[in-house]
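**Q** Below are the C-alpha cells for one structure; questions will follow.
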Amino acid sequence: MNRLPLTVIGGYLGAGKTTLINRLLAEDHGQRVLVMVNDFGAINIDAALIESQSDDMVELSNGCVCCTMGADLFMAVGDVLDRTPRPDHLVIEASGIADPARIAQVAMAEPDLSYGGVVTVVDAQNYDALASDIQIGAQLRGQVDVADLVLISKADAGQVPAALGVPEAQVLDLATLDVTAPLILGDALGSGPKAVAEVHPAYVSWNTREDRVLSRAQLDALIRNRPAKALRIKGFVASERGMTELHCVGPSHSLKPVPVSENTQTQLVGIGLKGHITREDFQNWWASV
C-alpha cells in the first residue's frame, strides 16, 4: 500500500491557519483529504458541503474529512491509517503555539506515512512586531525557520514582512492563489522535517461553553473590555445578533455572523502568556457582563 503523505500547517495564534484549511476542504481537488485539528469548533465549514457530522468529525460530500486530533497524536494517526478507504492525504493543523516540525516528525517515525512538508501561515500585518517581541519572538521565527513553504495572510499588495528572513521563492501570498490544493497536496515540499524550533514560553489557556445569550450591549462590552494581555480570544458567541464568530488578536478583533449552525452555545477560548495573565483574569472578564 502506498505511504500516506502528511503535511503540517503551522503558524502563530490568529495567523490564518483555519481560513487556509477551510479553503483546502472546499476546493475541487479530487482527493480524499483528512484534516486533523486541535480546535474542531473553530472550523466553520460551509453547511452545503457537509455529508454527515458527529461530535468530533465532519465528513464532506467531496470525500474530505475533518476531525479533532485528540491527546495522543500517534493513536490518532493510527486511526487514520486504519480507515477504509484510506485518505489520499493527511493534513494536521498545529496549534498556534506548537512547533510544526515536531509534529511532522511523526511522518519519519510511522512507516505508513511519508513527509509532505511544513506550511507556515504568517500574518503580514503583525509578524514584524511579534517576531521582535522578547518573549514570543523566537517562537514565531522558529515556526518560519522550519517551514518548507510560507504563506502570507492579511497582506496589502506585495507586502512581505521584513523580519521573515527566508528565500523569496519560499513565500507566497494567500490572496493571490486561486487554489491552494495543488500547492499543499502535490509533491512533497521538502525531504524531511527541519531542526526542531526553540522551546516556547509557557502559556495560559481558558475556555467556556454555556447557553447564555448575550445582548448586543453585552457583546460590545466584552470586546471593548477584553483583557489587555490576552494574545488570542476566539470562538462562537450566542447573542441577539444570532451566532457570531469572534476573533481577537491583540488589539484587533473581528465579528462574523454564522449563517447556518446547529450549535447554539457560546464556545470561547482565550490564550495568554503565563505570568502576564491568568485563567481567573479571563473568567472575571467573561463574568463581568
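**Q** Tell me the per residue accessible area of the chain using a 1.4 Å probe; a whole number in Å² is fine.
**A** 48
**Q** Run the dipole for the chain about the Cα centre, Lys and Arg Cβ at +1, Asp and Glu Cβ at -1, nothing else charged, and hand back the magnitude in debye, nearest 20. Please list the in-between numbers first.
**A** Working: 22 positive and 35 negative charges, 161 e Å.
It works out to roughly 780 debye.
**Q** Counting only pairs 8 or more places apart or on different chains, how many lysine pairs in the chain have C-alpha atoms closer than 16 Å?
**A** For the chain, qualifying lysine pairs total 4.
**Q** Further question: List the trypsin sites (Lys or Arg not before Pro) in the stretch 156-226 that DSSP assigns to loop (not H, G, I, E or B) and whose Cβ has at most 13 other Cβ atoms within 10 Å. Which are they?
**A** On the way: sites: Lys194, Arg209, Arg212, Arg216, Arg224; in loops: Lys194, Arg212.
Of the trypsin sites (Lys or Arg not before Pro), the ones in loops of the stretch 156-226 whose Cβ has at most 13 other Cβ atoms within 10 Å are Arg212.
**Q** Only Cα pairs under 8 Å and at least 6 apart count here; give the relative contact order of the chain as a rounded whole percent.
**A** Details: 571 pairs, mean separation 54.9, N = 289.
It rounds to 19 percent for the chain.
**Q** For the stretch 203-287, give the share of DSSP beta bridges that are antiparallel, in percent and rounded to the nearest 5; count only bridges with both residues there.
**A** About 95 percent, rounded to the nearest 5.
**Q** So, one more: Using the basic label-point model (7 angstrom from Cα toward the beta carbon), what is the Glu245 to Met75 distance in nanometres?
**A** Spacing of the two 7 Å Cα→Cβ label points: 3.0 nm.
**Q** Next question, about the same structure. GluC sites (Glu not before Pro) within the stretch 136-240: which are DSSP loop residues with at most 15 other Cβ atoms inside 10 Å?
**A** Sites meeting the loop and neighbour criteria: Glu198, Glu240.
**Q** Still on this model: Full-extension gain between Arg32 and Ser288, please, as 0.36 nm times their residue separation minus the C-alpha to C-alpha distance.
**A** Working it through step by step, the gained length comes to 87.6 nm.
**Q** In whole angstrom, how far apart do the alpha carbon centroids of the stretch 9-27 and the stretch 71-127 sit?
**A** When both Cα centres are located, 13 Å separates them.
**Q** Same structure, new question: Quick check: at a probe of 1.4 Å, how many percent of the accessible area of the stretch 112-240 sits on carbon and sulfur atoms?
**A** Heavy-atom surface of the stretch 112-240 belonging to carbon and sulfur, 1.4 Å probe: 50 percent.
**Q** While we're looking at this one, here's another question. Which listed residue (Gln267, Leu222, Val160) has the Cα farthest towards the positive end of the charge dipole for the chain, taking +1 on Lys and Arg C-beta and -1 on Asp and Glu C-beta about the Cα centre?
**A** Checked the options; the winner is Leu222.
**Q** How large is log10 of I(q)/I(0) for the chain at q = 0.07, 0.09, 0.12 Å⁻¹ when the intensity is taken from the Debye formula with one equal scatterer per alpha-carbon?
**A** After summing over all Cα pairs, the log10 values are -0.26, -0.43, -0.79.
**Q** Same structure, new question: Can you give me the relative contact order of the stretch 120-224 as a percent, contacts being Cα pairs under 8 Å and 6 or more apart?
**A** Result for the stretch 120-224 is 30 percent.
**Q** Which percentage, to the nearest 5, of the DSSP beta bridges contained in the chain is antiparallel?
**A** Taking every DSSP beta bridge with both residues in the chain, the antiparallel ones total about 55 percent.
**Q** Please build a GNM for the chain, connecting alpha carbons under 10 Å apart, and tell me which residue among Leu149, Leu246, Leu25 fluctuates the most.
**A** Residue with maximal mean-square fluctuation among Leu149, Leu246, Leu25: Leu246.
**Q** Please work out how much accessible surface Lys256 shows to a 1.4 Å probe, ignoring ligands, DNA and RNA, in Å² rounded to 10.
**A** 100
**Q** Based on DSSP H runs of at least 4 residues, each adding -39500 (n - 2.57), what is the mean residue ellipticity at 222 nm of the chain after dividing by all its residues, to the nearest 500 deg cm²/dmol?
**A** That comes out to -5500 deg cm²/dmol.
The values are calculated or read from the model by the stated rules, or taken from the named source; none is laboratory data. Every value quoted in this text rests on a predicted model; they were computed, and no experiment measured them. Quick reminder, even Gly has a Cβ in these numbers, built from the backbone with ideal geometry, and neighbours come from all protein chains shown. These accessible areas exclude ligands, DNA and RNA; they are computed on the full protein's heavy atoms, side chains included. Shrake-Rupley method; radii C 1.70, N 1.55, O 1.52, S 1.80 Å.
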